[in-house]
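What follows draws every value from the coordinates through simple rules; no lab data is involved. Here the structure is a predicted model, which means the values were calculated and not measured. Neighbour counts are summed over all protein chains in view; Cβ atoms, including those assigned to glycine, are modelled from backbone coordinates with ideal geometry.
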Amino acid sequence: EKGGYDHFMIKEIHEQPNTIRDCLRGRLDVEAGRITLGGIREYAANLNNTDRIVFVACGTSWHAGLVAEYVFEELCRVPVEVEYASEFRYRNPVIREGDVIFAVSQSGETADTLVAIEGAKEKGAIIFGICNVVGSSIPRASHEGVYTHAGPEIGVASTKAFTAQLTVLTLIALKSAHERGTIDDKRFRELLAELYRIPEKVKQALDMDEHIRKIAGKYKDAHSFLFLGRRYGFPVALEGALKLKEISYIHAEGYPAAEMKHGHIALVDENLPSVFIATRDSSYEKIVSNIQEIKARGGKVIAVVSEGDDVIPQMADDVIEVPETDELLMPMVSVIPLQLLSYHIGTMKGYNVDQPRNLAKSVTVE
Ligand code: F6R
């Protein structure tokens, strides 16, 4: 059942080219320049006309919401908020008739997310469920929604569900932007074509597995890690830190790279490795100077870079190359090495990576 792999986690990590492809199947038609989403029909006009979108989720699904915030704002030019379900439900949030809420959840059973949308629905919000488990509670409590079709995720730490969430949310944003007229036809078609290439690029990123295992061996005894990124790399940094905490019980923090000057740079010394998401995008120059700032203080740097980068490898202690893609789609590729890094550190330490201590696959209590 583990298909020749030692653990479900590594099997699921390696399944991602296929799960992303499954997620796109029947939805993305590059030739025709068309996206079809059977799950958003009746309420499509609500989505296309709303002036406010809120993502409600927990954990890794919340990180998918953070990526989606940037994607929807960029493509649809609509204000977006991303909320922890547990906070959203217990404060008194302003919800108006016609607000659109996306509930993102692998299991579809997370109690805080479920109760948060039930409350918002009563106040007139339109709810779309983005879930993996078909027929689960959140899709049933939503007006409409789109399934991620990643197949059962057995490993407690979410991997393939995350990239499937990003795939679905990107499809929705692209379709809505096209219908709103906030993206021109050329850019729309360019992104469709690039999205179609993502499974192949994820596969290339997975080819770094052995190289990443060696890096894991070098850093596995560190007591703490920083994960740093900017723009689309920032939620990826948060996700990398969460994976490492869950799987290898090493303390880790994710930050927007520019925030380091405002506090945590005080922690940096030769014992604190920093993992940078430093692929070539519009904030590349800035992240290069952030890497220099860490190196100047004696910190070790592991950098996820774009293929062919010849600047960062001269500064960083270790680099992991991933193929280039549009920055909007990069999280699906750049998260792969971080999943592998946490897997290898966890297994080297002899931990049960499929069922980390204290964690449950679906959190149905508050
Ligand atoms: C992280 C992880 C958790 C879940 C969170 C939400 O690896 O597994 O943080 O992402 O509990 O779960 P769902 O997506 O089922 O609502």
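Each of H262 and E210 was given a label point 7 Å from its Cα along the Cα-to-Cβ line. The distance between the two points is 4.4 nm.
Express the Stokes-Einstein translational diffusion coefficient of the range 288-366 in µm² s⁻¹, to the nearest whole number, given a Kirkwood radius over alpha-carbon pairs, 4 °C and a viscosity of 1.567 mPa s.
The diffusion coefficient I find is 85 µm²/s.
In this calculation the C-beta distance from K123 to E253 is compared with R0 = 30 Å, giving a FRET efficiency of 0.30.
Provide Rg over Rh for the range 97-197; use the alpha carbon set for both Rg and the Kirkwood Rh (inverse mean inverse pair distance). Don't jump to the answer; show the numbers that get you there.
Details: Rg = 14.9 Å, Rh = 14.6 Å.
Rg/Rh for the range 97-197 comes to 1.02.
Taking amide H atoms as placed 1.01 Å from N in the peptide plane, the amide H of R52 lies under 5 Å from those of V100, each 5 or more residues away in sequence or on another chain. In the distance distribution for the range 189-261, Cα-Cα pairs more than 15 Å apart total 67 percent. The label point for D51 and the one for R189, both projected 7 Å from the Cα toward the Cβ, are 3.4 nm apart. Projecting the Cα atoms of G39, V168, I20 onto the charge dipole of the chain, computed from C-beta unit charges around the Cα centre, puts G39 farthest toward the positive end.
Taking every Cα-Cα distance in the chain and sorting them into 20 Å bins from zero, the calculated P(r) comes out as 31, 59, 10 percent. Rounded to the nearest 500, the 222 nm mean residue ellipticity of the chain from helices alone is -14000 deg cm²/dmol, with -39,500 (n - 2.57) taken per DSSP H run of at least 4 residues. For the peptides 137-150, 193-206, residues were scored by their other Cβ atoms within 10 Å and the scores averaged per peptide; the highest-first order is 137-150, 193-206. The H on the amide N of V133, modeled in the peptide plane, is under 5 Å from the matching H of G108, each at least 5 residues off or on a different chain. Treating each Cα of the range 256-319 as one equal point scatterer and applying the Debye formula with no solvent, the log10 of I(q)/I(0) at q = 0.21, 0.22, 0.27 Å⁻¹ comes out as -0.78, -0.85, -1.25.
Take peptides 151-157, 180-186 and line them up by average Cβ neighbours within 10 Å, highest first, as a rough protection proxy. Numbers along the way, then the final one.
Working: 151-157: 19.4, 180-186: 12.6.
Peptide ranking by packing, descending: 151-157, 180-186.
For the range 229-258, the residues whose amide N sits under 17 Å from a probe point set 7 Å from the Cα of K2 along the beta carbon direction are 247-248. In order along the range 49-62, the phi-based Karplus estimate (6.51 cos²θ - 1.76 cosθ + 1.60, θ = phi - 60°) of 3J(HN,Hα) comes to 10, 5, 10, 7, 10, 10, 9, 10, 5, 10, x, 4, 5, 5 Hz; Gly and Pro are listed as x. Rg/Rh for the range 1-44 (Cα atoms only, Rh after Kirkwood) is 1.20. Each residue of the range 293-310 is assigned a 3J(HN,Hα), and the resulting list reads 5, 5, 4, 5, 9, x, x, 8, 10, 10, 10, 8, 10, 6, 3, x, 4, 10 Hz, derived from the Karplus form 6.51 cos²θ - 1.76 cosθ + 1.60 (θ = phi - 60°), x at Gly and Pro.
In units of the compact-protein estimate 2.2 N^0.38 Å, the range 52-143 shows a Cα radius of gyration of 0.97.
Computed from the alpha carbon atoms alone, the convex hull of the range 159-299 holds 130 Å³ per residue. The range 1-100: D in µm²/s via Stokes-Einstein (Kirkwood Rh, Cα pairs, 4 °C, 1.567 mPa s)? Once the numbers are plugged in, D ends up at 79 µm²/s. Each peptide among 227-234, 335-342, 16-23 gets the average number of other Cβ atoms lying within 10 Å of its residues, and from highest to lowest they stand as 335-342, 227-234, 16-23.
Counting DSSP beta bridges with both partners in the chain, what percentage is antiparallel, nearest 5?
Values: 2 of 41 bridges.
Approximately 5 percent, going by the DSSP bridge assignments.
When the range 134-236 is described by a simple charge dipole with +1 on each Lys and Arg Cβ and -1 on each Asp and Glu Cβ, the residue from Y196, S136, L206 located farthest towards its positive end is L206. Between the listed residues A222, L244, G233, the Cα displaced farthest toward the positive end of the dipole of the range 209-250, a dipole computed from Cβ unit charges relative to the Cα centre, is found at G233.
In order along the range 12-20, the phi-based Karplus estimate (6.51 cos²θ - 1.76 cosθ + 1.60, θ = phi - 60°) of 3J(HN,Hα) comes to 5, 4, 6, 6, 4, x, 6, 5, 5 Hz; Gly and Pro are listed as x.
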